[in-house]
Structure formats: structure tokens, C-alpha cells
1. Could you name the lysines whose alpha carbon sits less than 21 Å from that of residue 4, not counting residues in the same chain fewer than 8 places away?
2. Take the chain, connect every pair of alpha-carbon atoms lying under 10 Å apart with a spring to form a Gaussian network, then pick out the residue of 46, 18, 30 with the largest mean-square fluctuation.
3. Just add up the charged neighbours of residue 16: K/R +1, D/E -1, any other residue whose Cβ is under 14 Å from the Cβ of residue 16.
4. Nearest 10 degrees, 0 to 90: what angle lies between the long axis of helix 31-41 and the longest principal axis of the chain (Cα atoms)?
5. Semi-axes of the equivalent ellipsoid of region 5-83: what are they in whole Å, largest first, if each equals the square root of 5 times a C-alpha gyration tensor eigenvalue?
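All of the numbers you see were taken from the coordinates with simple rules; none came from a lab. Being a predicted model, the structure only gives us computed values, none of them experimental. Here the Cβ is made from the backbone with ideal geometry for all residues, glycine too, and neighbour counts use every protein chain on show.
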Amino acid sequence: MGVKIGIGYGSCALLYVGGVFNRSEFFTVGEALTQALESEGCCTSGGQVVVSKAVFNRVSSYFLAEPVGEEDDPEGFYKIKKLAKPGTTAKND
């Protein structure tokens with residue numbers, strides 16, 4: 001079993017639905033969730049982390065990544081390859 005991780009950035013909201021028959025549910029909606037789900041869909045195998053362009057713009061100085069999917073895709077997704085700065089470690093290193 002492999003885990004695929006998609007990460008998005010943006011606003012989101014929590015919706016409360018129900019309250020009838022002692023039943024209710026919470027749903028997360030918004031741009032951040034949409035980006036995360038689309039990023040996760042770009043993973044081709046377990047153990048990959050794919051981020052949206054909005055996320056990559058904020059973390060590009062810390063991670064090396066390669067574009068995923070169509071080159072002319074305005075949304076853009078990036079597969080994280082490794083940490084960019086020498087001397088920086090991750091918990092799995």
C-alpha cells in the first residue's frame with residue numbers, strides 16, 4: 001500500500017449540514033481542497049508528494065520539484081523530489 005499526498009493553498013470553509021433526526025455532517029470546501037484533490041490525482045504511485053502551483057510558489061526555495069502533467073496547464077502541479085538546501089533534513093532522511 002502506498003500513500004499519495006496532494007497539497008493545495010488558498011481559502012476554504014467548513015460547512016455544517018444537517019441537524020435533523022440527530023444527524024449532521026461537516027464538509028470542507030474551497031480552493032485549497034480543490035487544489036489538494038487535483039494534486040493527489042496527479043500522483044502516479046505511492047510515496048509521491050504533488051503540490052499545486054500556488055503551494056510551489058511559496059516553497060520553491062526549500063524543495064526541488066519537477067512539473068507534472070501538461071506543460072501548458074495554467075494550473076500547474078509539481079512533484080516534490082527533495083530538499084533544496086544542503087544541511088536541511090526531513091524527518092524521513
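1. 53, 79, 81, 82, 91
2. Maximum fluctuation in the GNM of the chain, among the listed residues, is at 18.
3. 0
4. 60
5. 30, 13, 11
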